[in-house]
Amino acid sequence: MHDASAHNQVAHHAPPTSFIRKHVFSLDHKVIGKQYYGLALVAVLVGMALSWLMRIHLGWTNFAIPGLHLLSKNGAPGNVMTPEFYLQLMTMHATIMVFFVLTTAPFAAFGNYFLPIQVGAEDMPFPHFNMMSFWVTFVAFLVLVSSFFVGQGPTLGGWTQYAPLSALGEVTGPGQGSGVVLWAISIAMFCVGQLLGSLNFITTTLDMRTRGMSLWRLPLSSWSWFITSCMGLTAFAVLMPACILLILDHVAGTSFFAPGGSVINDQVQPHSGGSTLLWQHLFWFFGHPEVYIAIVPGMGIVSHVLVTNMRKPMLSHRVLVYSFGALAVLSYMVYGHHMFVSGMNPVSSLAFSFPTLIITIPSTVIVLIWLGSLYGAKLRINAASLFSLGFISMFIAGGVSGFFLAQPSTDIMLHATYFVVGHFHMVMGVAAMFGIFAGTYFWFPKMFGRMMNETLGRIHFWFSFVGAYAIFMPFHYLGMAGNVRRYQAFTPDYMQPLVPLHQFITIAALVTGVAQLVFLYNLFHSRFWGKPASDNPWQATSLEWSTPTTPPPHNNFGDKLPEVYHDPYQYGVESSLGDYVMQASPEQVKTVHDEA
Amino acid sequence: MATTVHEPPKIDAGRDSTRLPGNGNSRNLVPADGKLPAVRDYSPPPASTGIWVVLASIGMSFLAFTSALVVRKAALDWQHLTLPPILYLNTLVLIASSFALEVARRRIGAFMRRRESQVASPTRWLYMALFLGLLFVAGQYGAWLQLRSQGLYLSTNPNSSFFYVLTAIHALHVLGGLTGLARVVYRLNKSILRKSTLDATAYYWHFMDGLWLYLLVLLWMKL
Amino acid sequence: MAKFFAITILVIAILSAIPILRHTWWMAEDISTHGAPIDEQMSETMAEAGISFLASQFILAFFIWKFSNPRPGEKIKNFPGGAKAMVWAAVLLVGTEVLALGVFGAKAWANVYFTPPSSSAMPVQVQSGQFAFYFRYPGPDGKFAPIHPELISESTQNFYGLDTNNDPDAKDDIVTAEMAIPVNREIHLLMHSKDVGHSFFVPELRVQQDFVPGLDLSLHFTATKVGRYEIVCTQLCGLGHYNMKAYLSVLSQQDFDDWMKKEAAMQ
Ligand code: HEM
Ligand SMILES: [Cu+2]
Ligand SMILES: [Cu+2]
C-alpha cells in the first residue's frame, strides 16, 4: 500500500507566490538558511565595527573617534570612550560574535540550506518551527542591539555575565539594570530559536534521508550539523533556565544568584543567600559546549570542502565522525576548566583538568586525519580550499594554547589574561570564521547560481590569514606577560611597556578589517553580476550538486527525490564523469579503498 | 458531539513494514556495494522522532532548574514551605487527564488500524482530557492564590521563588500541551489526524504528568 | 600560489615562535616559594605545545607544497598506514603528553592548593570592593574584629564596617590600602568581597584567586624577594576594573615592623 500520506510526511508545501511568503515568512529551508546568513552578515559587521572601536581605544586611549557619541548618550564625551563604554562595546562584541555570528552562520545558515539537500529531502519536517526559529533569533538580535538605546546602554558584564555583577542591578554599573535584562531576554529567545532549529536538524537527519542514504553515507558537513544540533539541544536548554532566573533576580527581587550582604555605595543590597558559583556552573555547562557548537560545523564544512578539492576521500570518514562525536560528548565534562581559580573546590579543578586534556586527543585525531588525507592528494587551490587549509592552520595554532589553559597550575598565570583571548579567538573565532568563508566560496554558486570572483577571494584570504595571525598571536605574548583582559587601559605599571604591542595589534586589526570589505564587495557583486554557475562547478559528489536546477527548485529535487548509490566522497575513481562519481549516480565504478 | 467517526481518518501506516520505501523519508535499501550490514527500509514519521527530541530538551532544562534548586537549598536562608494541599488534588486531575487521553489514543489507534470499523466516542475522551488539563492549570492558579494568602510571594524566600518558577514553567508547558490536544481534536474532526501526531501529543502529555510528579517530590522533599 | 602559501605558513610559524623562544614577553620573575613547579610546568608545556605547533604547521606547509598543482593524469596516493596510524599517533603522542602534563601539573597544583598554611603563617585579610583592595592586619591582639556590612562607609573610611566604638577587638585592627608583608614569612591571606566578584593576581607571586561574594576563601604564600609589586584585579567587576590595583611591598622584617608602626599610628 503505497499511500500518498507517507509522502505528506515530508513538509509538502506548494511554492509560495506572494512576496511575504516567499522572502519574509518563508517556510522554505533554503530561504531560511539565506535569512540566517544575512543575519549573521549584519551581525558580523556590527561585531567587527565594535572590535575596531575597542582596538583603537586600546592602542590610543584618548583618541577621539569621530561620531562615537552617536552610539551612546554618556559613553563618549568628546568622542573619547569612557571606561564603561569600552566594557559595553566589549560585551556586545562578544555576545554578537558568539551567538549571532558563530552559531548562526556555520550551523543555522549553512545547515538549514544544505542539510535537507544533502540528505535528499524536500525540506525540514517542521517548516513552521523552522520559520519561527529564524524570526525568534532575529527578534533576539534586535532586542540585544536595542539595549544601546535604552537606559544607560548595554550591559558591561562581559558575555559570561558573572553574577553578582549581573544580578544586583544598575548599582553595580551603567547598563547593569535594563542592559542585563535585555541581554538575558535576548539570549533566552536565542535559545528558543536554536532549540527549534535543533529539533528540525535532528529529525531531518534521522527521518528524512532519501532512499539509499544510510547514516554512513552522509557527507561530513551533514554529520557535523547533526552532532552540533544534539549539543545545541542540551546546551541551550540549560542556558535558557539560567537566563530566566537571572531576569527574575532583576525584575522580581528574587535571590537566585545575588548573595546577601553585598555593600555597594555603602548600602547593603536587599538580597540574601544567592549563589554566584551557581551561575558560573550553569553558564559554563552551556558555555563550553557552545564553543564546540561554534567550531564543529566549521570542521564539517572544511572537511567537505577539502575532500572535494583534494580529489580523494578522507583517510577515514568514520574516524572523523567518531571524533566529532567524542568532542561533543567530552565537551560536557570539561566545562569547569573555566573556573579553576574561581573558588571552586581545588579537587574539582583537577577533575575537570583531565577530561580537558583528554579532549585534545580527538582534536588531534581530526587534525592528523586532515593532514594525512592531504598526503598524496591532487590539491586544488582556490578561495574555498585556501580558507579550509587556513582553518587547519588556525585550529592548530589555537589548539596548542589550550594545553596551557587546561592545567590548573599553568592557568594560575594565564587565566583572565590576553592569552585566553588569543586562544579562543584563534580556535573559535578565526577558525570558525574561516569555516564560514570556506563554505561561502564553496556553496555560493549553488545558493545563487553565480560564481564568486576567485581573484578577490584570494586577496581576501591572504589578508585574512596573515592578518589573523598578526592580530591574535601577539595576544598570547601579552598574556604571558600578565596583561589582564577586559581592561580598557593599562594602568598597572608592568603593563605600560605592552602598549606598543597593542598598537601594532590595532593596526593589524584595522588592515584585516578593511580586507573584509573585499569579501563583502565580492559577495554582493557576484550575487548580481557574477559568472553564471553550472550545476556542479567543483565536480563534487554530494546531493546538493545533483539538483535539477541551480539554485535548487522549491522542493529541491523536482519531481523525483534522488536515490543514493555511493559513499559520499567517491573521488579518485574512474567514471564517465572523470575522477569522481556522484552519490546519486547509479554508475558502477571501481571505488578506491575505504576501510570497512 | 460526534460519537462515531464516520470517515476513516487518513491512515498513516507508521511502522507498518509493508510500506514501500522511497517516499522521501526512507533509509538506505540496498547499498550499491552491498557493504552495509543491516539496512532498514523505512523510517518513522518525523513527529515520532521529534517528540523525543522535544522531551529531551524539556527534561534537560528542568534538570538545570533542579541543580539550581539543590544548590540554593544548601544556603542558610532556605525556609521550607508546606505545599498547598490543593496540589495533591491537581495531581489526581492531571493523572486522570492522561488516562482519558490514553483511552482516546487506544480507541483511535484501533480504528486506524482498521481493527474496528466504529469507535465509541474517542472525541469525548479527548475533550475530557482537555478539560481536565485546563482544570489542572486552574488548580495550579488556586495553589498560587493559597500561597499568596499566606504572604508567600515570588521573592519572599528561595523556596517560594522556586515554587512559583517551577510551577509556572510547568504550567506553561501544560498549556502548550493543551494547544496540541486542541489541534488533535480539530484534526480528528476534519479526519486528517495522523497517528504519529496523536502519539506524539500523548507522549508529551504523559511526560508532563511524570514531570509534575517529579517536581512535586522535589518541592515537597526536605534536603 | 600553493608554494607561496606553504612558505607563508612556515614563515608565520617561525615568526610566532621567535618571541617565545627569546622570552621577549614573558612571565615576571618568580618571587614565591611555590612558583618553581608552576614555571617548570609552563616551560614543559611550552616545549610540547611548541613542538606540536611547529611540527604540524611544517607538515601542513610541506603537504600543500608537494601535493598541489598535480600533473594531469597523476593518480592519488594513500597515506601509508592509513587512518589507523593517525589514531595511534594521536593516542600515543598526545596521550603520553597529556598524561605527563596532567600528572606533573596536578602535583604543581596540589603544591599550592592541597597544603594547609602552617600554623605560624601570618594572617592578613583582604577585602575587595569596587574598585579597590583594602587590607587588614589583626593588630597586637591577633584577632580580626567581626565585620558589620551595614557599618561599611566610604565617607568615614570605615571600609571594613568595624564597630570601633563598642568592639574592643576592632580598636587595634589596622586597615591599609597597600599591602606590606615581611620577606620569607608565610602569609595566610583571608579573602572576601564586599560587593561583586574580583580577583587577586600577583604575577610575581604566582597566585591568582577570585573573590567570590558569599564565600570566604584563602591563599597562602611566601615571598622570597624584597621589592614592590602590583596586585591587579582580573575578574571583571565594573567600569573601574582596569584601575583596580594595589601595591604589594615585600619588606625585610625590620622595615615591615616600622611600616606596621606607622600604619597603626595613622588609624
Ligand atoms: C575582527 C576581528 C576581531 C578583533 C580585532 C577582536 C578583538 C577583540 C578584543 C580587543 C576583545 C577584548 C579583549 C578584552 O578587553 O579583554 C575581544 C573580546 C572578545 N571577542 Fe573579539 N575580536 C574579533 C573577532 C571576534 C570573533 C570572530 C569572535 C567570535 C568568537 C570574537 C569573540 C570575542 C569574545 C567572546 C570576547 C570576550 C569578551 C569578554 O571578555 O566578555 N571576537 N575581541
Ligand atoms: Cu571551555
Ligand atoms: Cu575587577
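The values are calculated or read from the model by the stated rules, or taken from the named source; none is laboratory data. Keep in mind the model is a prediction, meaning the values are calculated, not measured. With ideal geometry, Cβ positions are generated from the backbone for all residues, glycine too; neighbour counts draw on all protein chains shown. Note: accessible area is taken over every heavy atom of the protein model, side chains too, but ligands, DNA and RNA are not part of it. Shrake-Rupley method; radii C 1.70, N 1.55, O 1.52, S 1.80 Å.
If A:SER303 meets every condition in (1) farther than 28 Å from A:SER464 by Cβ; (2) open to solvent by less than 10 Å² (accessible area, probe 1.4 Å); (3) more than 7 Å from chain C (Cβ to nearest Cβ) apart from one, which number is that one?
Looking at each condition in turn, A:SER303 falls short on (1).
Looking at segment C:32-87, which of the residues that are of a type in the set (D, E, K, R) and assigned to a helix (DSSP H, G or I) is most open to solvent (accessible area, probe 1.4 Å)? Before the answer, list the steps.
The first filter runs over segment C:32-87 and keeps only residues of a type in the set (D, E, K, R), leaving C:39-40, C:44, C:48, C:66, C:71, C:74-75, C:77, C:84.
Filter once more, so that each one left must be assigned to a helix (DSSP H, G or I): C:39-40, C:44, C:48, C:66, C:84.
On the way: C:ASP39: 37, C:GLU40: 116, C:GLU44: 71, C:GLU48: 48, C:LYS66: 114, C:LYS84: 153 Å².
Step by step, filter segment C:32-87, then rank; the result is C:LYS84.
B:VAL185 fails exactly one of the following numbered conditions: (1) within 29 Å of B:ALA68 (Cα to Cα); (2) under 18 Å from the mean Cα position of the chain (by Cα); (3) touching a residue at least 24 places away in the same chain (Cβ under 8 Å). What is the number of that condition?
(1)
Starting from residues that are in a loop (DSSP other than H, G, I, E, B) and surrounded by 24 or more Cβ atoms within 10 Å (Cβ to Cβ), keep the ones in segment A:196-231 and report whichever is nearest to the chain's Cα centre (by Cα). Even if it seems obvious, please write down each step before you answer.
From segment A:196-231, those in a loop (DSSP other than H, G, I, E, B) are A:208-214, A:218-219; that's our starting set.
Restricting the remaining residues to those that are surrounded by 24 or more Cβ atoms within 10 Å (Cβ to Cβ) gives A:208-210, A:212-213, A:218-219.
Working: A:MET208: 25, A:ARG209: 25, A:THR210: 28, A:GLY212: 31, A:MET213: 27, A:LEU218: 22, A:PRO219: 20 Å.
Out of the qualifying residues, it is A:PRO219.
Among the residues of segment C:213-235 satisfying the criterion of being over 15 Å from the mean Cα position of the chain (by Cα) and among the hydrophobic types (A, V, I, L, M, F, W, C), which is farthest from C:ASP30 (Cα to Cα)?
The selected residue is C:LEU215.
Please list, ordered by residue number, the strands (runs of 3 or more DSSP E) wholly in segment C:187-266 having 3 or more residues that are surrounded by fewer than 23 Cβ atoms within 10 Å (Cβ to Cβ). Give the steps one after another, and end with the answer.
Working: elements: C:198-202, C:207-211, C:217-222, C:227-232, C:245-251.
Output list reads C:217-222, C:227-232, C:245-251.
Does C:GLU74 count as of a type in the set (D, E, K, R) and facing another protein chain (nearest Cβ under 8 Å)?
On the way: of a type in the set (D, E, K, R): yes; facing another protein chain (nearest Cβ under 8 Å): yes.
It is true that C:GLU74 is of a type in the set (D, E, K, R) and facing another protein chain (nearest Cβ under 8 Å).
Tell me the residue from A:MET208, A:MET231, A:MET240, A:MET213 that is touching a Pro at 6+ places or on another chain (Cβ under 7 Å), in the same structural domain as A:ILE187 (by TED's automatic domain parsing) and farther than 28 Å from A:PHE434 by Cβ, please. Spell out how you get there, then give the answer.
Numbers: A:MET231 fails: farther than 28 Å from A:PHE434 by Cβ; A:MET240 fails: touching a Pro at 6+ places or on another chain (Cβ under 7 Å); A:MET213 fails: touching a Pro at 6+ places or on another chain (Cβ under 7 Å).
Of A:MET208, A:MET231, A:MET240, A:MET213, the one residue that is touching a Pro at 6+ places or on another chain (Cβ under 7 Å), in the same structural domain as A:ILE187 (by TED's automatic domain parsing) and farther than 28 Å from A:PHE434 by Cβ is A:MET208.
Which of (1) open to solvent by 10 Å² or more (accessible area, probe 1.4 Å); (2) under 20 Å from A:HIS476 (Cβ atoms); (3) aliphatic (A, V, I, L, M); (4) away from ligand 3 (no atom under 16 Å from the Cβ) does A:VAL347 not meet, given it meets every other one?
Every condition holds for A:VAL347 apart from (2).
Within segment A:522-541, identify whether any single residue is away from every other protein chain (no Cβ under 14 Å), open to solvent by less than 10 Å² (accessible area, probe 1.4 Å) and of a type in the set (Phe, Trp, Tyr), and answer yes or no.
The answer is no, given that none of the residues of segment A:522-541 is away from every other protein chain (no Cβ under 14 Å), open to solvent by less than 10 Å² (accessible area, probe 1.4 Å) and of a type in the set (Phe, Trp, Tyr).
Can you say whether C:LEU92 is at the interface with chain A (Cβ under 7 Å from one of its Cβ atoms), part of a helix (DSSP H, G or I), over 30 Å from A:GLY578 (Cβ atoms) and hydrophobic (A, V, I, L, M, F, W, C), as far as the supplied structure shows? Don't jump to the end; show me each part of the working.
On the way: at the interface with chain A (Cβ under 7 Å from one of its Cβ atoms): no; part of a helix (DSSP H, G or I): yes; over 30 Å from A:GLY578 (Cβ atoms): yes; hydrophobic (A, V, I, L, M, F, W, C): yes.
Spelling it out, it is not the case that C:LEU92 is at the interface with chain A (Cβ under 7 Å from one of its Cβ atoms), part of a helix (DSSP H, G or I), over 30 Å from A:GLY578 (Cβ atoms) and hydrophobic (A, V, I, L, M, F, W, C).
Give the number of residues within segment B:191-222 that are more than 14 Å from chain A (Cβ to nearest Cβ) and in a loop (DSSP other than H, G, I, E, B).
Of the residues in that region, 2 qualify.
Each row is one residue, and each column tells you yes or no for (1) more than 25 Å from A:SER275 (Cα to Cα); (2) in contact with a Leu (Cβ under 9 Å, 6 or more places away or on another chain); (3) of a type in the set (Val, Ile, Thr).
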{"residue": "C:VAL196", "(1), (2), (3)": "no, yes, yes"}
{"residue": "C:VAL207", "(1), (2), (3)": "no, yes, yes"}
{"residue": "C:VAL212", "(1), (2), (3)": "no, yes, yes"}
{"residue": "C:ALA223", "(1), (2), (3)": "yes, yes, no"}
{"residue": "C:GLN254", "(1), (2), (3)": "yes, no, no"}
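Tell me yes or no: at least one residue of segment A:413-420 is within 16 Å of ligand 3 (Cβ to nearest atom) and open to solvent by 30 Å² or more (accessible area, probe 1.4 Å). Let's see the steps before the verdict.
So the first thing to find is which residues in segment A:413-420 are within 16 Å of ligand 3 (Cβ to nearest atom), and the list is A:415-418, A:420.
Of the ones still in play, those that are also open to solvent by 30 Å² or more (accessible area, probe 1.4 Å) are A:415.
Yes.
With modelled with pLDDT of 95 or more and out of contact with any His (no Cβ under 7 Å at 6 or more places or on another chain) as the only criterion, which of C:VAL207, C:VAL183, C:VAL212 stands out?
Details: C:VAL207 fails: modelled with pLDDT of 95 or more; C:VAL212 fails: modelled with pLDDT of 95 or more.
Answer to the selection: C:VAL183.
From A:LEU89, A:LEU70, A:LEU50, A:LEU41, grab the single residue that is closer than 20 Å to A:LEU142 by Cα and either within 16 Å of ligand 3 (Cβ to nearest atom) or within 14 Å of chain C (Cβ to nearest Cβ) (or both).
A:LEU89
Suppose we filter A:GLY298, A:GLY325, A:GLY336 for residues that are assigned to a helix (DSSP H, G or I), modelled with pLDDT of 95 or more and more than 16 Å from ligand 1 (Cβ to nearest atom); which single one remains? Break it down stepwise before answering.
Numbers: A:GLY298 fails: more than 16 Å from ligand 1 (Cβ to nearest atom); A:GLY336 fails: modelled with pLDDT of 95 or more.
Criteria check complete, one pass: A:GLY325.
Are any residues in segment A:485-497 within 7 Å of another protein chain (Cβ to nearest Cβ) and either under 23 Å from A:ALA94 (Cβ atoms) or within 16 Å of ligand 3 (Cβ to nearest atom) (or both), and if so, which ones? So that I can check it myself, show each step before the final result.
Filtering segment A:485-497 down to residues within 7 Å of another protein chain (Cβ to nearest Cβ) leaves A:486-489, A:491-494.
A:ARG486, A:TYR487, A:GLN488, A:ALA489, A:THR491, A:PRO492, listed by residue number.
Select, from A:SER272, A:SER316, A:SER342, the only residue that is more than 30 Å from B:SER160 (Cβ to Cβ) and either away from ligand 2 (no atom under 12 Å from the Cβ) or not assigned by TED's automatic domain parsing to the domain that holds A:ILE396 (or both).
On the way: A:SER272 fails: more than 30 Å from B:SER160 (Cβ to Cβ); A:SER342 fails: more than 30 Å from B:SER160 (Cβ to Cβ).
Testing whether each residue is more than 30 Å from B:SER160 (Cβ to Cβ) and either away from ligand 2 (no atom under 12 Å from the Cβ) or not assigned by TED's automatic domain parsing to the domain that holds A:ILE396 (or both) leaves just A:SER316.
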